[in-house]
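**Q** Please read through the structure below; I'll follow up with questions.
The values are calculated or read from the model by the stated rules, or taken from the named source; none is laboratory data. Please read all numbers here as calculations on a predicted model, not as lab measurements. Neighbour counts are summed over all protein chains in view; Cβ atoms, including those assigned to glycine, are modelled from backbone coordinates with ideal geometry. Please note that ligands, DNA and RNA were not included when accessible areas were found on the heavy atoms of the full protein model with its side chains. Shrake-Rupley method; radii C 1.70, N 1.55, O 1.52, S 1.80 Å.
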Amino acid sequence: ALEKSEELYAFAIANCADEGARSATLQKGADSLGPTAGARLTNTASEIAPDAALDGHRAIVAAWLNGGERHNAGAEELTSLKCGVDRLGAAIAAQHPQDDLTVEVERSARVLGALADETSAYEQLGWYYLRTARIPETGEWFRRALANGGSDGAVEGVVMVLRRTGLRAEARELALAESARSERIACLYVDLASEDLASGDMTDIGELARLTTELRSPNAAANLGWHHEKEGQMATARDWFDRSVEWGAA
């Protein structure tokens, strides 16, 4: 009976010229048949109209949230659901300019949480809210991700939030503390610290000099050169300027 129902929904989608009706059929199909069948119906719709895929993935997520207990939560269904959430996340990342995806991203985060991947969900929300310039929500979700052993991306997110809200010293401290995680985080620290050194907002240069040398950053080396020149340490300043030229030409 379920196979026959899926065939009927697929036929209706394939022969539906109206975009709104096609989307409604996808929603109904996912709600009635579950995520696995919903994923197959989404593939059918996207072959006809590529933009229909987003509606299909929304339908899959919504159906699971609204009635997931009615469906068999087997490995195949969870795999289909995770695929739908991942594709929805890709659409969110593309940030369709005329489409407010707040509800969808929050729902997809709940789904990821249900799949025992809360940290990924928190980070997804953090990046979404950062793109939409909702800074308080951004910081909240990135910090939750970090508290749950979040990835390098969660660290970067918190550093960016602190930087945007004027808490530069705190941003530097976090980036330095986590700099061993990845070169990208170390670069965040070097960029922040060298900017603050140039503006006179930082005087402790030991870690900056170490990481600048490790990363061979020409801009940071130049800022260190100007700092030492200001302090009257001309030989040291010249050494940093030489390094800046060498690394910039490499």
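This table checks each residue for (1) of a type in the set (Phe, Trp, Tyr); (2) more than 22 Å from the chain's Cα centre (by Cα).
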{"position": "ALA175", "(1), (2)": "no, no"}
{"position": "SER179", "(1), (2)": "no, no"}
{"position": "TYR189", "(1), (2)": "yes, no"}
{"position": "ILE205", "(1), (2)": "no, yes"}
{"position": "ALA235", "(1), (2)": "no, yes"}
{"position": "ARG238", "(1), (2)": "no, yes"}
{"position": "ASP242", "(1), (2)": "no, yes"}
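**Q** Further, regarding this structure: Do we have ALA175 as in contact with a helix residue (DSSP H, G or I) (Cβ under 8 Å, 6 or more places away or on another chain) and small (Gly, Ala, Ser) here?
**A** Yes: the conditions hold for ALA175.
**Q** For the range 16-32, name all the residues that are open to solvent by less than 40 Å² (accessible area, probe 1.4 Å) and in a loop (DSSP other than H, G, I, E, B).
**A** Selection gives CYS16 alone.
**Q** Among the residues of the range 130-169, how many are among the charged types (D, E, K, R), under 12 Å from the mean Cα position of the chain (by Cα) and under 27 Å from ASP201 (Cα atoms)?
**A** Count: 2.
**Q** Let me ask something else. Looking only at the range 195-210, count every residue that is assigned to a helix (DSSP H, G or I) and either touching a strand residue (DSSP E or B) at 6+ places or on another chain (Cβ under 8 Å) or touching a residue at least 24 places away in the same chain (Cβ under 8 Å) (or both) and tell me the total.
**A** 5
**Q** Could you list, in sequence order, the residues of the range 211-250 that are open to solvent by 100 Å² or more (accessible area, probe 1.4 Å) and part of a helix (DSSP H, G or I)?
**A** Passing the criteria: GLU214, ASN219, TRP226, LYS230, ARG238, VAL245, GLU246.
**Q** Only residues that are surrounded by fewer than 19 Cβ atoms within 10 Å (Cβ to Cβ) and under 19 Å from LEU130 (Cα atoms): list them for the range 169-180, please.
**A** The answer is GLU170, and nothing else.
**Q** Take LEU146 and decide whether it is assigned to a helix (DSSP H, G or I), under 28 Å from GLN124 (Cα atoms) and of a type in the set (A, V, I, L, M, F, W, C).
**A** Considered against the rule, which asks whether it is assigned to a helix (DSSP H, G or I), under 28 Å from GLN124 (Cα atoms) and of a type in the set (A, V, I, L, M, F, W, C), LEU146 comes out as yes.
**Q** Looking for whichever is under 19 Å from TRP127 (Cα atoms) and either surrounded by fewer than 23 Cβ atoms within 10 Å (Cβ to Cβ) or among the hydrophobic types (A, V, I, L, M, F, W, C) (or both) here; the options are LEU188, LEU192. Which one fits?
**A** Going through LEU188, LEU192 in turn, just one is under 19 Å from TRP127 (Cα atoms) and either surrounded by fewer than 23 Cβ atoms within 10 Å (Cβ to Cβ) or among the hydrophobic types (A, V, I, L, M, F, W, C) (or both): LEU188.
**Q** Under 9 Å by Cβ, and 6 or more places apart or on different chains, what pairs join a residue from the range 165-185 that is charged (D, E, K, R) with one that is open to solvent by less than 50 Å² (accessible area, probe 1.4 Å) and in a loop (DSSP other than H, G, I, E, B)?
**A** Here the result reads ARG168/MET202; ARG172/MET202, each pair linking the range 165-185 to a residue that is open to solvent by less than 50 Å² (accessible area, probe 1.4 Å) and in a loop (DSSP other than H, G, I, E, B).
**Q** Quick check on TRP141: is it part of a helix (DSSP H, G or I), farther than 23 Å from GLU195 by Cβ and modelled with pLDDT under 80?
**A** no
**Q** Name the residue that is modelled with the lowest pLDDT, counting only residues in the range 151-161 that are surrounded by fewer than 23 Cβ atoms within 10 Å (Cβ to Cβ) and farther than 14 Å from ARG172 by Cβ.
**A** Selected residue: SER151.
**Q** How about the range 174-194: which of its residues are among the charged types (D, E, K, R), in a helix (DSSP H, G or I) and either at pLDDT 95 or above or farther than 19 Å from ASN223 by Cα (or both)?
**A** GLU183, ARG184
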